[in-house]
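The values are calculated or read from the model by the stated rules, or taken from the named source; none is laboratory data. Note that the coordinates shown come from a computational prediction; the quantities given were computed from them, not determined experimentally. Please note: Cβ atoms are built from the backbone with ideal geometry, for glycine as well, and neighbour counts cover all protein chains shown.
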């Protein structure tokens, strides 16, 4: 089994937009004594964040539909296939070049620096995905339904599917609806997870 070292995530666990959730996290960091560097403009912080990161111009290893992405995710969870799970989430290049530049969280009034948001994204996935694997790895997983917020949020070329839940039967149990992952990003007809923050 490939070690779990995630390349992207998002922690929004309440039924609100990703920007609201991420902004709340920034506020928590500051309240806990952390700092948000506002000396450098966002454009310069993004330039520095991109140093050494290959340019991304499309979502790699994504699925052709939202439900298809969820099915690939559940298949990988059942098989404990962390390599596939890593590929189904945004990597650093996709975050830096495709998501962050037009994300609401990068604009006023939020203006969260890319390095801070990326750290939050990684932490949320590294907390959330092990919970999914602990609950469902090695089990048969039967998907009944995928449901997301009625309104899809558009940010540049990205379309964000927020507050998604899945109804899944684990083994021989009763199907249960819950949050298994964070926001789904749709771009150019491809779908990936912003991350694996969840409410399990």
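The set of residues in region 97-108 being out of contact with any strand residue (DSSP E or B) (no Cβ under 8 Å at 6 or more places or on another chain) and in contact (Cβ under 8 Å) with a residue 12 or more places away in the chain consists of 97, 100, 101, 105, 106. In region 105-114, which residue that is part of a helix (DSSP H, G or I) and modelled with pLDDT under 95 is farthest from residue 153 (Cα to Cα)? Applying the filter and picking the extreme gives 106. Taking the numbered list (1) surrounded by fewer than 17 Cβ atoms within 10 Å (Cβ to Cβ); (2) in contact with a helix residue (DSSP H, G or I) (Cβ under 9 Å, 6 or more places away or on another chain) in turn, residue 132 passes all entries but (1). Here is a check on your reading of the model: is residue 120 within 30 Å of residue 46 (Cα to Cα) and either surrounded by 21 or more Cβ atoms within 10 Å (Cβ to Cβ) or touching a strand residue (DSSP E or B) at 6+ places or on another chain (Cβ under 8 Å) (or both)? Criteria met by residue 120. Across region 63-99, the number of residues qualifying as outside any helix (DSSP H, G or I) and in contact with a helix residue (DSSP H, G or I) (Cβ under 7 Å, 6 or more places away or on another chain) comes to 5. In the set (1) out of contact with any helix residue (DSSP H, G or I) (no Cβ under 9 Å at 6 or more places or on another chain); (2) surrounded by fewer than 23 Cβ atoms within 10 Å (Cβ to Cβ), the condition left unmet by residue 164 is number (1).
Among the strands (runs of 3 or more DSSP E) confined to region 131-200, the ones with at least 3 residues that are within 19 Å of residue 64 (Cα to Cα), modelled with pLDDT of 95 or more and touching a strand residue (DSSP E or B) at 6+ places or on another chain (Cβ under 6 Å) are located at 141-147, 158-161, 184-187, 190-193. Listed by first and then second residue, the pairs with beta-carbon distance under 8 Å, at least 6 apart or on different chains, first residue in region 62-85 and on the phi > 0 side of the Ramachandran plot and touching a residue at least 24 places away in the same chain (Cβ under 8 Å), second assigned to a loop (DSSP other than H, G, I, E, B) and surrounded by 16 or more Cβ atoms within 10 Å (Cβ to Cβ), are 80/137.
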